[in-house]
Every structure is written in structure tokens, then in C-alpha cells.
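Worksheet: the structure to be examined is printed underneath.
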Amino acid sequence: MQASSAESEFDVVIVGSGMVGASLACALADSGLRLAVLDSQPFAAPDAVDGSAADLADQAFDPRVSAITPASQQFLNEIGVWDAIAVRRCSPYTDMHVWDGDGTGSIHFSATDIHADLLGHIIENSVIVAALQQRLRQSIHESADITLLAPVSLSGLRAPTTASQGTPVQIELADGSRLTTRLLVAADGANSTVRELAGFQTREWDYEHHAIVTTVRTQFPHRQTAIQRFMDKGVLAFLPLRTSLQGGRDDQRHCSIVWSVLPELAQALMALDDAAFARELQAAIENRLGTIESVDKRYSFPLRQRHAHSYVQQGIALIGDAAHTIHPLAGQGVNLGLQDASVLAAEILQALSKGRDFADLRTLRRYQRRRIGHNLGMMCMMEGFKRLFAEQPLAVRWLRNAGMAGLDKTVLIKNHIMRSAMGIE
Ligand SMILES: Cc1cc2nc3c(=O)[nH]c(=O)nc-3n(C[C@H](O)[C@H](O)[C@H](O)COP(=O)(O)OP(=O)(O)OC[C@H]3O[C@@H](n4cnc5c(N)ncnc54)[C@H](O)[C@@H]3O)c2cc1C
């Protein structure tokens, strides 16, 4: 889909229609602003979230899933997409068991301890994206002023300087067409082209971990429990999946796995055939779910910590992975991004309601102030966890195990950690 020249002036252009960019577009759909959403990948097919479509039990799982917190669920509900997600494969989990594979420490988090129904949902990324893009199409049908452009790539931009404040951002696409916008939002992921072209500085370092992701079928049911084993050599998580639509029968024997290990080990694990990989996996998770009966295609990603020094400049804002990427060990990445989208939308809508300039640097800085400290705090915590479980002297290991065991018995602190991870405190 291409914008004609008459359509090439926008109020907000969002580059990237992944989970974060598309959710911002949904949040702004009724604002009266002229929006464009562009992506280098084609948009999801219109029937991709049709609950009446083929029996999902027969469809392969998307290897990329997210643990969506209740706070993110609430935002997705507010922007009108949660129902479309909930009728698809969306797996609630009620418990989380974390243990130190090189010691004796363990912690068990349970929704019942904080009088909640669940801790969150494990959802395939493709299900979330398809629901968001379907919502955008529906908004367009209901006459929202949104232009969807895909597949197109952004190849150049010219941002206003402080001196030329008020002039629009000029965007060039790889096919040579040009757009102008009052506000350009970078939601184009970890390797953001917008961030690069606009000259945002980042602080980044390699986690020296690669994540292997795939879907497995296990002998024993997961019982709606996420399990995670910390080891000197990395972190392994089994995230519970459901095979059927909500309310349907489910044998609870599918899990998405995220196994973060040193690059050499990742390479060796990727080179194994499925049977040998399944045996390694079963041993690494200490047989907690019995035999690993089948393994889908595996994918491996290098993990890099990245944080932009600032999220905004005149006419431009970064959100989601374009602003920050963190280790997936606590499953917080997209949850931080969805909260960025929620806060940026709220600031834009508030500026509009008060007659202020929604693209003004002061408005954008309010968004930055509300998000940067929180995101940075979460990133530091993940870095701390990763280091704590990397190879350590005996004394640190002892403290780590004693700390875990102690924390498991300290109900107030444990419940506080649980509520923070759920985004409700
Ligand atoms: C192994 C692994 C497991 C994870 N597990 C979890 C989890 O359990 N919970 C959680 O919260 N997070 C998790 N994350 C993190 C989460 O996946 C990311 O935070 C999330 O995908 C970021 O969303 P986004 O929309 O910002 O970026 P992306 O999902 O990367 O989307 C970016 C979009 O921009 C488009 N794009 C890119 N470049 C251009 C361009 N030049 N022009 C136009 N379009 C462009 C892309 O096609 C894409 O659609 C995990 C990450 C990894 C690697």
C-alpha cells in the first residue's frame, strides 16, 4: 500500500507496526490526528485473528512468545484488542517456579498468594500483532484517519533543529517517496533505523548470551506454571502454552522455551539433531516435565543490552525496543514497550485536550520523564540477576542460595516482587 502525494503529510508517522508501534497507533486511532503506520514487513493477513479460522490445535506455534503482564493486558483491553487476543491461543499462568540449578535455592510465586486469578498470559507475538493490525483496519473502516504502508522501508530523514522548531520531520522511503510529519515515532525495534538516522546515542553491551527459542511437547502437563532454572551456563525457561481456543480442551503439554547460554554453547546446541537437543533440554530442566517428546524448529538470537541516552528530540520519540532492549530472563521487554506506548499516547492526548502542541519537545519530555527511570531500573535489575548467576566464587553462590531460600519465606517482599513484575505496583 502506498500513500499518494496528497496523503503524504501526517501528524504522526509510526515506523514499525510490531507489538509496540501498532499498539500506539490503536491508542491514537480516535484522536483525530492524521496517522501513518509503516513497516518493512507486510501486515498480517486480515483473517489472521479470526477465531472461526482453522482449528488452532493443528497450527504450529510462533517460536516467539511474550509473557504479558496484567498491566499490559489492561492497556491492550483499553485499546480494544484484548478480546481478539483472548479468543486465540492465549495461555494464562498462575504460578512461577524459579530455582538455582547449581545450588539449593528456589522461589515459588503463586497468584493465590496475592489473591489474584493469574500472574499473566503467555501469548505468541504473531497473535498480538495480528490482533492490533486487525483493530487498525477496523478503525480505518470506522473512518479513523490512518494510512497503513507496508512493505516499505525508511531510508532517510531530516529532523527539525531547535532553531527550526515547528517545521515538520521529512521522511524518505526506500522506493523514493517522501512523507512529512509533525511527530515521527520510532517503533522499529532493537536495530532501529530511525534511532540511527536521527543520531540518538545509546549505551550498549553484549550480554554474551544467545537465546535459543522453540516450542516443545512434554510428557507431563505444565499445570499453568512457568518454570525457570538459573545455571552458571545460562538461564532456561519453560513457558506454558495452550493448544486450543479459550474454553477448549487442552492437554497442557506444550511449552515455549527460552534458553539463554554462552554463544559457543548456543552454537553447539543449535547443531544437534532434534533428538539430541531434546535430551540436553530434558537434562537441563532436571526432568521436571518428564520426557521432551518433540521439538519444533529452533531459532537463536544474540542478546544485547541497549538503552538510548534520551528517548526524544525535536519531532522524534523512541518507544519499545528502539529505546531499550533487555535480557528476556524476566520476560519484561515488550511489557516495558507497551507501557511506553501507553504513556506517550496519554501525553499526546492530554496535550491535544489542553490545546498544547502534541509534538512539542516539552510534551515529548514529559513522556521521557515518566518512562526512562522505570525502564532503566528494570534493566539494572536484569543485569544484576544475570551477573549473580554467572560463574561465581563459592561464597557468592552460598549467599545466592541462602538469599533465594530466605526470600521464598519472606511473604511480604515476595508478594511485592510479584506485583512489580505484574506491573500492578
Ligand atoms: C528470545 C526472546 C524472548 C523474549 N521474551 C519476552 C517475554 O516473554 N516478554 C516480554 O515482554 N518480552 C520478551 N522479549 C522482548 C520482546 O520480544 C521485545 O521487547 C518486543 O518484540 C519489542 O517490540 P517492538 O514492537 O518494540 O519491536 P519489534 O517487535 O522488533 O518490531 C519492530 C517492527 O519494526 C519493523 N521495522 C524494523 N525496521 C524497519 C524499518 N527500517 N522500516 C520500517 N519498519 C521497520 C519490523 O518489521 C517490526 O514489525 C523477548 C525477546 C527475545 C529476543
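The values are calculated or read from the model by the stated rules, or taken from the named source; none is laboratory data. No experiment lies behind these values; they were computed from the predicted model shown. Neighbour counts are summed over all protein chains in view; Cβ atoms, including those assigned to glycine, are modelled from backbone coordinates with ideal geometry. SASA here: full protein model, heavy atoms, side chains in, ligands and nucleic acids out. Shrake-Rupley method; radii C 1.70, N 1.55, O 1.52, S 1.80 Å.
The table below lists the values:
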read-out: Efficiency of FRET between Asp251 and Ser153 - r from beta-carbon atoms, R0 41 angstrom, step 0.05; value: 0.45
read-out: Burial ranking of peptide ranges 86-93, 276-283 (average Cβ count within 10 Å, highest at the top); value: 86-93, 276-283
read-out: Ranked packing of 62-72, 321-331, most packed first, by mean Cβ within 10 Å; value: 321-331, 62-72
read-out: Per-residue SASA entry for Arg365, accessible area with 1.4 Å probe, Å² rounded to 10; value: 120
read-out: Phi-based couplings in Hz for region 364-379 (Karplus 6.51, -1.76, 1.60; Gly and Pro marked x); value: 5, 5, 4, 4, 4, 4, 6, 10, 5, x, 4, 5, 5, x, 5, 5
read-out: Extension reserve of the Ala275-Asn77 stretch, reckoned as 0.36 nm per residue once the Cα distance is removed; value: 67.2 nm
read-out: Peptide ranges 219-226, 296-303 listed from the most packed, as the mean C-beta count within 10 angstrom indicates; value: 219-226, 296-303
read-out: Rounded to whole Hz, the Karplus (6.51, -1.76, 1.60) HN-Hα couplings of region 258-264, x for glycine and proline; value: 10, 10, 9, 9, 4, x, 5
read-out: Virtual spin-label span in nm between Ala45 and Asn287, 7 Å along Cα→Cβ; value: 4.3
read-out: Net charge contributed by nearby residues that have their C-beta within less than 15 Å of Arg365 (K/R +1, D/E -1); value: +2
read-out: Accessible-area value, Trp205, 1.4 Å probe, nucleic acids and ligands omitted, Å²; value: 70
read-out: Gained length - Ile140 relative to Arg362, 0.36 nm times residue gap less alpha-carbon distance; value: 76.9 nm
read-out: Other-chain or far-sequence residues with amide H under 5 Å of Ser294's (modelled H); value: Arg217
read-out: Per-pair calculated FRET efficiency, R0 = 30 Å: Leu118 and Asp232 via Cβ, rounded to 0.05; value: 0.40
read-out: Built amide H within the under 5 Å cut-off of Ser153, gap 5+; value: Ala174, Asp175
